[in-house]
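Have a look at the structure below before the remarks.
The values are calculated or read from the model by the stated rules, or taken from the named source; none is laboratory data. Being a predicted model, the structure only gives us computed values, none of them experimental. Glycine gets a Cβ as well: all are built from the backbone with ideal geometry, and neighbour counts include every protein chain shown.
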There are 2 protein chains.
Amino acid sequence: MGPDSAPPQTAEEMAKVEFFLGVDGGGTKTQAVITDSFYRVVGEGLAGPSNPLRVGVERAAAAIREAIDRACQAASIDRGKIAAAEIGLAGVRRKDWRERMRAALSDLGIDTLEVVTDADIALFGATDGGPGVVVIAGTGSICCGRNAHGRRACTGGWGPVAGDEGSGSWIARRALQAVAQATDERGPQTALVQAAYAYFGGETPDELSTAIYAPEMTNERIAGFARHVINVAREGDQVARAILAEAGRELGTAAATVIRRLHMQHEAFPVAYVGGVFVAGELLLEPLRKAVARIAPKAYLTQPAMAPAIAAARMAREHLYAPALAS
Amino acid sequence: MGPDSAPPQTAEEMAKVEFFLGVDGGGTKTQAVITDSFYRVVGEGLAGPSNPLRVGVERAAAAIREAIDRACQAASIDRGKIAAAEIGLAGVRRKDWRERMRAALSDLGIDTLEVVTDADIALFGATDGGPGVVVIAGTGSICCGRNAHGRRACTGGWGPVAGDEGSGSWIARRALQAVAQATDERGPQTALVQAAYAYFGGETPDELSTAIYAPEMTNERIAGFARHVINVAREGDQVARAILAEAGRELGTAAATVIRRLHMQHEAFPVAYVGGVFVAGELLLEPLRKAVARIAPKAYLTQPAMAPAIAAARMAREHLYAPALAS
């Protein structure tokens with residue numbers, strides 16, 4: 001059944017319905033959806049984290065299997081009915097990790113199964129498969145784009161030590177630096193100080209330091225402070241607002257770089273934004289929009305066209321049919 | 001015997017000679033020195049790391065005991081001959097850690113034994129106990145000062161997440177960010193890229209990322225890259241030079257803050273600099289000097305008057321006699 005067919009009308013046609021599986025797996029949860037050929041979601045399943053860098057290949061594969069089985073159960077179909085699957089995962093930027101995950105999922109019995117990065121499915125979901133750019137800023141940050149010739153480019157995704165500019169982790173670290181500077185009287189006073197005590201625990205600088213450097217502290221937990229930085233900024237704190245504005249400019253630089261590398265300066269296309277830090281709204285979006293407008297005046301900021309797991313299901317279908325269509 | 005006596009001439013006078021112990025303990029090694037009343041070093045001993053935050057109280061105390069015993073052996077004296085000891089340690093900014101270390105060392109049988117921070121002994125060593133400021137920038141960074149009234153103030157020492165601006169760890173992280181930006185074409189090209197591959201290992205961005213985020217990677221190991229950043233800067237790389245200049249400005253801001261907080265703007269005093277990053281020389285010192293000159297034109301940059309372990313021994317003596325002198 002080709003992508004442009006009409007919905008099935010008869011029992012015979014119904015028997016030919018194909019199902020596509022999309023998975024969106026990250027550091028906190030895994031979401032699987034099953035769609036039919038008409039992109040209608042017929043089943044959904046959730047499971048724990050499946051970033052193999054964080055939880056290992058075995059646990060990641062187990063979480064993905066669990067999410068898929070729940071989605072199959074909800075759709076009342078067997079895994080064997082799945083025509084193609086696309087697994088989008090955090091932590092698989094390296095090809096060897098994608099191959100290891102693919103091998104770990106080979107016993108699912110799904111013939112056409114691809115493992116791609118979470119950025120790949122977010123890009124597809126953001127632009128509906130067309131040309132455009134997606135700016136992803138959650139715990140980390142990455143920006144990817146695709147032009148009309150199908151060429152792709154990404155910047156960022158370097159993690160908290162070497163980058164992740166504009167991400168939740170970056171915003172939280174900047175805020176902690178501002179807290180240290182305010183405490184030492186090196187920088188301006190800010191309501192971030194009290195917010196940091198409330199979030200990390202402690203009543204003195206020493207206690208705050210102890211909390212930040214405790215062995216159980218994680219990058220995810222630090223990044224969680226970004227929400228509070230956003231709240232403090234909304235209440236008018238100038239230091240917090242400056243950090244968010246800088247985050248927006250950093251994300252704008254990332255988008256501008258992708259646009260330049262793909263030679264899209266003179267085209268009209270969506271720049272979609274995805275991720276937790278965008279609850280900051282205009283505090284972050286305004287400097288991002290300005291940075292994009294400077295390099296590509298016809299580009300426009302937008303929310304993604306569809307959720308990543310559904311985008312993955314559509315990519316699965318495209319992977320199955322694209323070679324035939326191209327030949 | 002008071003501090004201003006002449007050296008002992010007779011056997012009777014020799015019998016009255018007092019010995020003072022100074023210890024400088026950090027994340028990589030512990031140095032103990034024994035001096036006589038005339039600040040002459042009569043014995044020295046080395047042992048492994050004694051930062052209790054890193055190695056635990058037990059191992060830190062064992063290293064300190066080992067260094068002291070070696071120093072006693074070198075000086076051919078018993079521990080019982082030590083009139084007073086000053087133990088300067090990294091990782092004891094919190095009072096409860098200093099107290100735990102003091103308790104762990106109580107079985108040494110030294111009556112007058114104080115545990116202070118490494119910054120305390122560096123400050124004393126930098127200014128010979130007089131008014132002044134010390135800027136310490138090794139793996140981390142901290143700046144402390146003391147004015148003519150004996151008031152003390154410090155800024156920094158917040159660790160790699162919340163601060164340590166201008167330190168080796170900070171310089172190395174900035175350099176890694178510049179590497180990521182150059183690789184992504186977000187920032188200018190720089191010789192730091194090849195230097196990072198050579199230091200951390202790897203031949204592709206993915207391999208570099210994997211090396212930086214490997215579980216066995218430590219903040220100390222990251223900070224070690226700073227030496228290579230300095231080499232690249234010396235060879236003329238503009239990105240590396242800009243990072244070092246910013247490090248110097250950050251350390252200058254720290255010094256200026258301490259000077260302001262101690263109301264020393266109009267006085268003449270030494271600003272001593274200590275730590276591995278200062279092998280960068282004028283690339284770092286020039287912006288630091290300028291920042292200090294702006295707030296305190298009569299202050300002057302200098303190397304420390306004495307080594308930290310020897311400073312500790314002098315502090316030990318001062319602690320023993322100061323109450324008597326003050327009364």
Problem set entry | Unmet requirement for residue A:217, which otherwise passes all of (1) at pLDDT 90 or above; (2) farther than 30 Å from residue B:185 by Cα; (3) aliphatic (A, V, I, L, M) | (1)
Exercise. When region B:163-202 is examined, which residues are found to be more than 21 Å from residue A:142 (Cβ to Cβ) and hydroxyl-bearing (Ser, Thr, Tyr)?
Worked result: B:167, B:169, B:190, B:197, B:199
Exercise. Would it be correct to say that residue A:246 is in contact (Cβ under 8 Å) with a residue 60 or more places away in the chain and buried (at least 17 other Cβ atoms within 10 Å of the Cβ)?
Worked result: yes
Exercise. Quick check, is residue A:193 assigned by TED's automatic domain parsing to the domain that holds residue A:157 and in contact with a Leu (Cβ under 8 Å, 6 or more places away or on another chain)?
Worked result: no
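Using the structure shown, decide if residue B:142 is more than 14 Å from chain A (Cβ to nearest Cβ), within 22 Å of residue B:308 (Cα to Cα), modelled with pLDDT of 90 or more and assigned to a strand (DSSP E or B).
Details: more than 14 Å from chain A (Cβ to nearest Cβ): no; within 22 Å of residue B:308 (Cα to Cα): yes; modelled with pLDDT of 90 or more: yes; assigned to a strand (DSSP E or B): yes.
No; evaluated as a whole, the condition is false for this residue.
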Exercise. With B:249, B:289, B:317 as the choices, which residue is among the basic types (Lys, Arg), within 30 Å of residue B:85 (Cα to Cα) and part of a helix (DSSP H, G or I)?
Worked result: B:317
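Tally the residues that are within 14 Å of another protein chain (Cβ to nearest Cβ) and surrounded by 15 or more Cβ atoms within 10 Å (Cβ to Cβ), restricting the search to region A:80-118. Please lay out each step first, then the result.
Residues of region A:80-118 that are within 14 Å of another protein chain (Cβ to nearest Cβ), as a first pass: A:90-100, A:117.
The next check asks that each one be surrounded by 15 or more Cβ atoms within 10 Å (Cβ to Cβ); those that pass are A:90-94, A:97-98, A:100, A:117.
Total meeting the criteria: 9.
From the list B:157, B:166, exactly one residue is in contact (Cβ under 8 Å) with a residue 24 or more places away in the chain, facing chain A (nearest Cβ under 9 Å) and either closer than 25 Å to residue A:200 by Cβ or buried (at least 24 other Cβ atoms within 10 Å of the Cβ) (or both). Which is it? Spell out the reasoning first.
Details: B:166 fails: facing chain A (nearest Cβ under 9 Å).
Answer to the selection: B:157.
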Exercise. Quick one: is residue B:169 farther than 30 Å from residue A:144 by Cβ and modelled with pLDDT under 95?
Worked result: yes
Problem set entry | Selected residue [crowded, with 19+ Cβ neighbours inside 10 Å and not assigned by TED's automatic domain parsing to the domain that holds residue A:39] from A:236, A:275 | A:275
Seminar exercise, completed: Of A:133, A:115, the only residue that is of a type in the set (Val, Ile, Thr), within 19 Å of residue A:31 (Cβ to Cβ) and not assigned by TED's automatic domain parsing to the domain that holds residue A:284 is A:115
Problem set entry | Output for region A:175-221, where each listed residue is within 8 Å of chain B (Cβ to nearest Cβ) and either among the aromatic types (Phe, Trp, Tyr) or in contact (Cβ under 8 Å) with a residue 60 or more places away in the chain (or both) | A:213
Seminar exercise, completed: Taking region B:118-130 and keeping residues assigned to a helix (DSSP H, G or I) and farther than 14 Å from residue B:24 by Cβ leaves B:127
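Report the residue count in region A:86-105 for those that are within 22 Å of residue A:307 (Cα to Cα) and among the aliphatic types (A, V, I, L, M).
Residues that pass the stated criteria total 4.
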For this session: Go through the residues of region B:293-310 one by one and say whether even a single one is at pLDDT 95 or above, more than 30 Å from residue B:39 (Cβ to Cβ), outside any helix (DSSP H, G or I) and outside the structural domain of residue B:44 (by TED's automatic domain parsing).
Result: yes
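On the basis of being farther than 18 Å from residue B:146 by Cα, surrounded by 14 or more Cβ atoms within 10 Å (Cβ to Cβ) and in contact (Cβ under 8 Å) with a residue 60 or more places away in the chain, does residue B:317 make the cut? Outline the logic, then answer.
Working: farther than 18 Å from residue B:146 by Cα: yes; surrounded by 14 or more Cβ atoms within 10 Å (Cβ to Cβ): yes; in contact (Cβ under 8 Å) with a residue 60 or more places away in the chain: yes.
Spelling it out, residue B:317 is indeed farther than 18 Å from residue B:146 by Cα, surrounded by 14 or more Cβ atoms within 10 Å (Cβ to Cβ) and in contact (Cβ under 8 Å) with a residue 60 or more places away in the chain.
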Problem set entry | Condition broken by residue B:77, with the remaining ones in (1) under 30 Å from residue B:152 (Cα atoms); (2) among the β-branched types (Val, Ile, Thr); (3) touching a strand residue (DSSP E or B) at 6+ places or on another chain (Cβ under 9 Å); (4) surrounded by fewer than 24 Cβ atoms within 10 Å (Cβ to Cβ) satisfied | (1)
Exercise. Restricting region B:192-223 to residues that are over 30 Å from the mean Cα position of the chain (by Cα) and outside any helix (DSSP H, G or I), which is surrounded by the fewest Cβ atoms within 10 Å (Cβ to Cβ)?
Worked result: B:203
For this session: Determine which member of the set B:56, B:129 is within 14 Å of chain A (Cβ to nearest Cβ) and surrounded by fewer than 19 Cβ atoms within 10 Å (Cβ to Cβ).
Result: B:56
Problem set entry | Scope region B:93-124; condition without any contact (Cβ under 8 Å) to a residue 24 or more places away in the chain and under 22 Å from the mean Cα position of the chain (by Cα); matching residues | B:94, B:95, B:96, B:98, B:99, B:102
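So if I check each of B:258, B:229, which one is more than 13 Å from chain A (Cβ to nearest Cβ) and not small (Gly, Ala, Ser)? Give the steps one after another, and end with the answer.
Details: B:258 fails: more than 13 Å from chain A (Cβ to nearest Cβ).
Residue meeting the stated conditions: B:229.
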